[in-house]
């Protein structure tokens, strides 16, 4: 008697995969490219690290820390969990080492990867929102950062976006994001040459140009609205949330007292 394994239709493979999100948090001890930035009140890299630990859902994620020790003593850093140490000294070099690490992992093709830089703040519930984004048909890349420049900077006055209604919030199509983004493992492997191209031979990755190139390839990047995370730079922070309050354990959401300053 012969037994045959039922062939799973391609459209069913995503729904059958119930694995965890693989989160990779990339840190450096010192970064010259971020010293000039005007930061959100209460910001420190340690505060962002604590915020990530406090808001992540460990039942649905695995968390791996990368630490670039090229410019300082490992023991000066605050991470209390095991880390993968690299010695690069540049943002682009560290990102390339991260890609090499991920490429060697034995992951299911549908595994969601979330790359996080060390100066990001997250709202509670972001894990569910990230998963929600990947339920939108055609979404290849997902970011939780709702870039302020798309609303208030003159170069985007003609920008139009598709809107998507998900279970927990809306998402919009967006042209680009930073090096903090989520993608399925199989998509990253297919796009690996593009990710490498825009990091190789330079000290800072060309993230904006990279995502425009991915868009020309046919990839769709979406961002949650409102943002469930933000880069901790005041000028570009996601609107509608008082991010400093998240770091100081106050109510971060819109109230009559703080609405006027949030530019919602």
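The values are calculated or read from the model by the stated rules, or taken from the named source; none is laboratory data. Note that the structure is predicted; figures quoted are calculated from it, not measured. FYI the Cβ positions are ideal-geometry reconstructions off the backbone, even for glycines, and counts take in every protein chain you see.
A few comments on the model shown:
- Going through (1) more than 22 Å from residue 112 (Cα to Cα); (2) out of contact with any helix residue (DSSP H, G or I) (no Cβ under 7 Å at 6 or more places or on another chain); (3) at pLDDT 85 or above one by one, residue 256 falls short only on (3).
- Checking 64, 90, 55 one by one, the residue that is at pLDDT 95 or above and closer than 27 Å to residue 200 by Cβ is 64 and no other.
- When each of 182, 166, 229 is tested for being more than 17 Å from the chain's Cα centre (by Cα), surrounded by 17 or more Cβ atoms within 10 Å (Cβ to Cβ) and under 30 Å from residue 246 (Cα atoms), the lone residue that passes is 166.
- Members of the stretch 6-47 that are assigned to a helix (DSSP H, G or I), touching a helix residue (DSSP H, G or I) at 6+ places or on another chain (Cβ under 8 Å) and either at pLDDT 65 or above or surrounded by 14 or more Cβ atoms within 10 Å (Cβ to Cβ) (or both): 47
- Exactly one residue out of 145, 164 is touching a helix residue (DSSP H, G or I) at 6+ places or on another chain (Cβ under 9 Å) and touching a residue at least 60 places away in the same chain (Cβ under 8 Å): that is 145.
- Any hit, the stretch 213-222, residues being closer than 27 Å to residue 66 by Cβ, part of a strand (DSSP E or B) and either in contact with a strand residue (DSSP E or B) (Cβ under 8 Å, 6 or more places away or on another chain) or modelled with pLDDT of 95 or more (or both): yes
- When the stretch 167-189 is filtered for residues that are free of Cβ contacts under 8 Å to residues at least 60 places away in the same chain and more than 15 Å from residue 132 (Cβ to Cβ), the ones remaining, listed by number, are 173, 174, 175, 176, 177, 187.
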